[in-house]
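These notes are about the structure you will find just below.
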Amino acid sequence: MQIHKGDQLFQEALKYFISGVGAAGRFFPTIGRPLFLERADGAYLFDIDGNQYIDYHSSSGATFLGYNNPEIKQAMQQALDMGYFCNYETEYHVKLAELLCASVPCAEKVRFANSGTEATLGAIRLARGVTGRKKIIKFEGHFHGMHEMAWFNCHTTLSEPNEYGEIPCIPDSAGIPEEIASMVIVLPSNEPDIFRSCMKRHQGEIAAVIMEPVMYNAGCVLPKQEFVQAVREETEHAGTVLIFDEVLSGFRMCLGGGQEYLGVTPDLATLAKALGGSGVPIAALVGKEWVMNGLNPVGKVVMSGTYTGHILEVLGSLKAVEIMRSPGFYDHLNQLADRLYSGLSDLLQRYRIKAVIQGVGARFAIYFGLEHTPIYDYRQVVRHFDFDMNQRFLRKAFEKYLYIHDYGNKLSPTHHGFTSAHTLEDINETLTRCEDIFKLISD
Ligand SMILES: Cc1ncc(COP(=O)(O)O)c(C=O)c1O
C-alpha cells in the first residue's frame with residue numbers, strides 16, 4: 001500500500017491545522033492522520049496515493065446515496081445555472097417542504113438549517129420558548145451536536161447515578177459553563193420507570209426531552225418499545241416537547257426514519273445527513289404546527305440564517321428525497337443490510353471472535369467484547385467494549401482497503417454505514433476481506 005504522499009501532506013497540514021485536520025472528527029486514529037482524498041465515487045474513496053477503498057464511513061452518514069451521485073449533481077448544476085443564491089425562497093423550497101411533510105410523520109411545518117448542530121439548538125430553543133420552561137432531559141450516550149445546550153454525557157466516563165437514577169451532568173467539552181448543566185437532566189435510556197419518576201419529580205419544569213430514536217452514537221444501541229412509549233405518554237401528559245434527533249436515523253431505515261420505525265411520533269424532529277443525500281450540507285427542523293408556530297415571524301423564537309435553505313442545498317436535497325421516495329429504494333438497502341450483518345455475524349462466530357454486529361437500516365456497529373444481541377444497555381456496552389481489538393480490526397481493515405472510520409472513542413464503537421450506491425458485489429467483496437482479517441486477528 002502506498003501512503004507516501006498522504007504522509008507528506010500530513011506534515012504540511014500540521015503547519016496550519018491543529019492535528020493536521022480542519023475538524024477533529026476527520027482525524028483517523030487508526031492511521032495516526034486523516035485520509036487525504038483525491039476523489040470519491042459511488043461506494044468508493046480514492047486517496048492521493050492512488051489507493052481505492054470500499055467506504056463504510058459515508059461522510060459520517062451524510063453520503064447516504066453514494067458519492068458523486070449523478071442525479072444530485074445534475075440538480076446542483078441547475079442551482080449553479082440559476083445563480084447559486086442564498087437567503088431567498090423559491091418554488092423548490094416549497095416542494096422540498098411538501099415532500100418532507102409527506103415523508104416524516106411529525107412534519108407539519110419545516111424550517112431549514114445548515115447542520116445537525118444548528119437544528120438541535122433551534123429545537124431546544126423553540127421548546128423553551130413555547131413552554132416557558134428551562135430544563136431539558138437528555139439520555140446518557142446520546143449525542144445532539146456540538147453546542148452548549150445538550151453536549152453532556154455522550155463520551156464522558158460513566159459516573160454514579162443518584163438515588164433517583166439521575167446521572168451527574170458532565171460536559172463533553174471544556175468551555176461549557178456549569179450553569180448550563182444545571183438546566184440539563186441526564187437519565188439512562190431504556191429505563192421507563194426512572195423516566196416516569198423523573199417527570200413526576202420535575203413536574204411543570206421540563207421544556208423538552210431530546211433523544212436519538214436509535215442510539216447510533218454509541219454504535220447502534222436499540223430503543224426499547226416500552227421506553228419510547230413511556231417517553232411519549234409522559235411528555236404529552238406534561239406538555240413537554242418531545243424532540244427526536246433524527247440527524248442520523250432520518251431516512252436511514254425507512255422514509256419516515258426512527259419515528260416510523262418505532263411507530264411513535266414526536267413533536268419535533270431534526271433532520272440532516274441523509275436529507276442531503278450525497279453530502280449536500282442541509283438540515284431541517286420539522287414538527288407539529290402547535291410547536292412550530294412558536295418560530296418567528298409568527299412566534300417569538302428566532303431561528304434563521306443567511307445560508308439556510310441555500311438553493312444548492314435545496315435542489316440537491318429535493319432530488320435526494322425524490323430518490324429515497326422511489327419504489328424499491330429501501331428494498332435494496334434492506335437486502336444489503338441483511339447480507340452484510342448476517343455475513344459478518346457468521347464470520348465472527350466461525351472464527352470465534354468475541355464480537356457482535358448490531359445494525360438498523362444502513363448503519364451498524366461492531367461490538368468487540370460483547371457476546372449477545374440485542375443490545376439495549378449503553379452501560380453494558382461501555383463495560384465490555386474491547387477497544388484494543390476494535391483498533392486491531394480497523395487497522396487490518398484499512399490495510400485491506402476498507403475505510404471504516406473511527407473517532408477513537410474508548411467507551412463505545414463508532415457507527416459505520418453503507419450507501420445505496422453499494423452493490424451486493426461490494427458487500428460480498430467486503431465479507432471476503434473481513435474473513436481474511438478475522439482469520440488474522442482470531443489468534
Ligand atoms: C444524532 C446527531 N445529532 C446531531 C449531530 C450534529 O450534526 P452536525 O455534525 O451536522 O452538526 C450529529 C452528528 O453526527 C448526530 O449524530
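The values are calculated or read from the model by the stated rules, or taken from the named source; none is laboratory data. Given the structure is predicted, the values throughout are model-derived calculations rather than measurements. With ideal geometry, Cβ positions are generated from the backbone for all residues, glycine too; neighbour counts draw on all protein chains shown. For accessibility, only protein heavy atoms count, side chains too; no ligands or nucleic acids. Shrake-Rupley method; radii C 1.70, N 1.55, O 1.52, S 1.80 Å.
Might you let me know whether the range 294-317 holds any residue that is open to solvent by 20 Å² or more (accessible area, probe 1.4 Å) and in contact with an Asp or Glu (Cβ under 6 Å, 6 or more places away or on another chain)? Checked the range 294-317: no residue is open to solvent by 20 Å² or more (accessible area, probe 1.4 Å) and in contact with an Asp or Glu (Cβ under 6 Å, 6 or more places away or on another chain). Within the range 121-167, the set of residues being without any contact (Cβ under 8 Å) to a residue 40 or more places away in the chain, away from the ligand (no atom under 14 Å from the Cβ) and touching a helix residue (DSSP H, G or I) at 6+ places or on another chain (Cβ under 9 Å) comprises 161, 164, 165, 166.
Sub-6 Å Cβ pairs linking a first residue in the range 269-283 that is more than 10 Å from the ligand (Cβ to nearest atom) to a second residue that is outside any strand (DSSP E or B) and open to solvent by 10 Å² or more (accessible area, probe 1.4 Å), at least 6 apart or interchain, are 278/69; 279/59; 279/62; 280/313, ordered by first then second residue.
Exactly one residue out of 224, 288, 273 is touching a helix residue (DSSP H, G or I) at 6+ places or on another chain (Cβ under 6 Å), outside the structural domain of residue 409 (by TED's automatic domain parsing) and of a type in the set (Lys, Arg): that is 273.
Suppose we keep only residues that are open to solvent by 30 Å² or more (accessible area, probe 1.4 Å) and within 27 Å of residue 58 (Cβ to Cβ) within the range 223-264. Which one would you say is farthest from the ligand (Cβ to nearest atom)?
263
Filter the range 405-429 down to residues that are aliphatic (A, V, I, L, M) and open to solvent by 10 Å² or more (accessible area, probe 1.4 Å) and give me whichever is farthest from the ligand (Cβ to nearest atom). So that I can check it myself, show each step before the final result.
Step one: list which residues in the range 405-429 are aliphatic (A, V, I, L, M), which gives 411, 421, 424, 427.
Still in the running and open to solvent by 10 Å² or more (accessible area, probe 1.4 Å): 411, 421, 424.
Working: 411: 16, 421: 21, 424: 28 Å.
Among those that are aliphatic (A, V, I, L, M) and open to solvent by 10 Å² or more (accessible area, probe 1.4 Å), it is 424.
Take the residues in the range 200-222 that are among the small types (Gly, Ala, Ser) and over 16 Å from residue 138 (Cα atoms), then tell me which one is surrounded by the most Cβ atoms within 10 Å (Cβ to Cβ). Can you show your working first?
Residues of the range 200-222 that are among the small types (Gly, Ala, Ser), as a first pass: 204, 207-208, 218-219.
From what's left, over 16 Å from residue 138 (Cα atoms): 204, 219.
Values: 204: 10, 219: 26.
My answer is 219.
What is the one condition in (1) touching a strand residue (DSSP E or B) at 6+ places or on another chain (Cβ under 8 Å); (2) of a type in the set (S, T, N, Q); (3) surrounded by 16 or more Cβ atoms within 10 Å (Cβ to Cβ) that residue 51 does not satisfy? All conditions pass for residue 51, except number (1). In the range 55-70, which residues are open to solvent by 30 Å² or more (accessible area, probe 1.4 Å), away from the ligand (no atom under 16 Å from the Cβ) and in contact (Cβ under 8 Å) with a residue 24 or more places away in the chain? If the condition is that a residue be open to solvent by 30 Å² or more (accessible area, probe 1.4 Å), away from the ligand (no atom under 16 Å from the Cβ) and in contact (Cβ under 8 Å) with a residue 24 or more places away in the chain, then 67, 68 are the ones that fit.
Of all the numbered requirements in (1) out of contact with any strand residue (DSSP E or B) (no Cβ under 6 Å at 6 or more places or on another chain); (2) part of a loop (DSSP other than H, G, I, E, B), residue 338 misses one, and that requirement is (2).
Scanning the range 345-393 for residues that are surrounded by 20 or more Cβ atoms within 10 Å (Cβ to Cβ) and without any contact (Cβ under 8 Å) to a residue 40 or more places away in the chain returns 355, 356, 357, 370, 385, 390. When restricted to residues that are under 23 Å from the mean Cα position of the chain (by Cα) and assigned to a loop (DSSP other than H, G, I, E, B), the range 37-48 contains 1. Every condition in (1) within 30 Å of residue 433 (Cα to Cα); (2) outside any helix (DSSP H, G or I); (3) under 21 Å from the mean Cα position of the chain (by Cα) holds for residue 330 except the one numbered (2). Given the condition part of a strand (DSSP E or B), among the aromatic types (Phe, Trp, Tyr), more than 16 Å from the ligand (Cβ to nearest atom) and surrounded by fewer than 23 Cβ atoms within 10 Å (Cβ to Cβ), answer yes or no: does some residue in the range 77-91 qualify? Looking through the range 77-91, none of the residues is part of a strand (DSSP E or B), among the aromatic types (Phe, Trp, Tyr), more than 16 Å from the ligand (Cβ to nearest atom) and surrounded by fewer than 23 Cβ atoms within 10 Å (Cβ to Cβ). Restricting the range 265-284 to residues that are under 30 Å from residue 42 (Cβ atoms) and among the β-branched types (Val, Ile, Thr) leaves a set whose member that is surrounded by the most Cβ atoms within 10 Å (Cβ to Cβ) is 270.
Check whether at least one residue in the range 38-54 is within 16 Å of the ligand (Cβ to nearest atom) and under 20 Å from residue 425 (Cβ atoms), and report yes or no. No, there is no match, as no residue in the range 38-54 is within 16 Å of the ligand (Cβ to nearest atom) and under 20 Å from residue 425 (Cβ atoms). In the range 174-194, the qualifying residues are those that are outside any loop (DSSP other than H, G, I, E, B) and touching a strand residue (DSSP E or B) at 6+ places or on another chain (Cβ under 7 Å), and the one that is most open to solvent (accessible area, probe 1.4 Å) is 194.
Among the conditions (1) away from the ligand (no atom under 16 Å from the Cβ); (2) crowded, with 20+ Cβ neighbours inside 10 Å; (3) more than 22 Å from residue 165 (Cα to Cα), residue 287 misses just one, which is (1). Scanning the range 8-26 for residues that are free of Cβ contacts under 8 Å to residues at least 24 places away in the same chain and not small (Gly, Ala, Ser) yields 8, 11, 12, 14, 15, 16, 17, 18, 21, 26. Residues in the range 116-173 that are part of a strand (DSSP E or B), under 23 Å from residue 231 (Cα atoms) and under 21 Å from the mean Cα position of the chain (by Cα): 136, 137, 138, 139, 152.
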